[in-house]
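A quick write-up on the structure given underneath.
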Amino acid sequence: MPNNHTSKLNILYRGPLESCNYDCHYCPFAKTKNTREELAIDKACLERFVDWVGEQPYPIGILFTPWGEGLIRAYYQKNLVRLSQLPQVEKVAIQTNLSCKLDWLKAADQKAIALWTTFHPTEISIEKFLQKCEALRQLDIRFSVGIVGKKENFEAAKILRTQLPSSVYVWVNAYKREPDYYTKEDIRFLNEVDPLFNLNNTIYKTKGKACFAGESSISIDGNGDVRRCHFISNKIGNIYEQPISEILAPAACTNTTCRCYIGYMNLKSLNLEQIYGNQILERIPV
């Protein structure tokens, strides 16, 4: 059983899926396709994981972080609905480009399901994306909206923030591949779009720092192998081979730096629970 103060386990799940219907130039999975056999393996891995979750006696939060787009697959939709209805699942969320149909969400428990959506300007018009967002609002589904903070996306970021209601959080992922990419004026603008932009526009020095990763938050792959987080490759156990209580343990970060939200959200010194509360997985401030 999780041994932190909340007795809740957060899981970041990433199965073998490696395919996407979008063609974003910065993504290695742009317009890639899995074979039928590969999709069948991914489906079997997902269903086994969901079965395992259903057997656990403690509260669980889950964020799916697929390499590509999961929600265009009916078996992802079906299993997210199933997870949302399990009594021990407090939260199930997934990163998505929102290109799928949304009717399946009617069957989900609205209190448990949430979407982490990203707008990709080269792949869909902002009008169509905003229509999707409005459909989510009509379905009473909680969601955040994000965009990559490249300079060519600034105008789209501004439109997202002005067109979406203030109750919808719009986040900007800082572009960190080029040093000193942003001017002071850029940073001021991006903070107007996303008041938490500076949190993301930081490369955290994490070597030896206390982290919830491995203690109350873990990364699980399709085989059930457990790692402390997506960015630490060392395997610490397998959920199908041993009780979770034998896997979880507090440990300091072994990486030099942390650059990504799904990593630094677990950094204890940031106290991000004060900002996101129980909505940290779907990236929605309370």
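The values are calculated or read from the model by the stated rules, or taken from the named source; none is laboratory data. These numbers come from a predicted model, not from an experiment. FYI the Cβ positions are ideal-geometry reconstructions off the backbone, even for glycines, and counts take in every protein chain you see. Ligands, DNA and RNA are stripped out before the accessible areas are found, and what is left, the full protein with its side chains, is counted by its heavy atoms. Shrake-Rupley method; radii C 1.70, N 1.55, O 1.52, S 1.80 Å.
Right, Glu282: surrounded by fewer than 18 Cβ atoms within 10 Å (Cβ to Cβ), within 16 Å of the chain's Cα centre (by Cα) and under 28 Å from Gly54 (Cβ atoms) or not?
Values: surrounded by fewer than 18 Cβ atoms within 10 Å (Cβ to Cβ): no; within 16 Å of the chain's Cα centre (by Cα): yes; under 28 Å from Gly54 (Cβ atoms): yes.
Considered against the rule, which asks whether it is surrounded by fewer than 18 Cβ atoms within 10 Å (Cβ to Cβ), within 16 Å of the chain's Cα centre (by Cα) and under 28 Å from Gly54 (Cβ atoms), Glu282 comes out as no.
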Can you pull out every residue in the stretch 245-286 that is in contact with a Phe, Trp or Tyr (Cβ under 6 Å, 6 or more places away or on another chain) and part of a helix (DSSP H, G or I)?
Gly263, Tyr264
Filter the stretch 117-147 down to the residues that are of a type in the set (Asp, Glu) and free of Cβ contacts under 8 Å to residues at least 60 places away in the same chain, then identify the one that is farthest from Asn21 (Cα to Cα).
Asp140
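Within the stretch 257-271, restricting attention to residues that are among the polar types (S, T, N, Q) and in contact (Cβ under 8 Å) with a residue 40 or more places away in the chain, which residue is least open to solvent (accessible area, probe 1.4 Å)? Step through it out loud before you land on a result.
To start, the set of residues in the stretch 257-271 that are among the polar types (S, T, N, Q) comprises 257, 266, 269, 271.
Narrowing the set further to residues that are in contact (Cβ under 8 Å) with a residue 40 or more places away in the chain leaves 257, 266, 269.
Values: Thr257: 58, Asn266: 12, Ser269: 80 Å².
The residue in question is Asn266.
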Working only within the stretch 127-181, note down all residues that are more than 20 Å from the chain's Cα centre (by Cα) and at positive phi.
Asp180
Limited to the stretch 267-283, what total is found for residues that are in contact with a Cys (Cβ under 9 Å, 6 or more places away or on another chain) and among the hydrophobic types (A, V, I, L, M, F, W, C)?
1
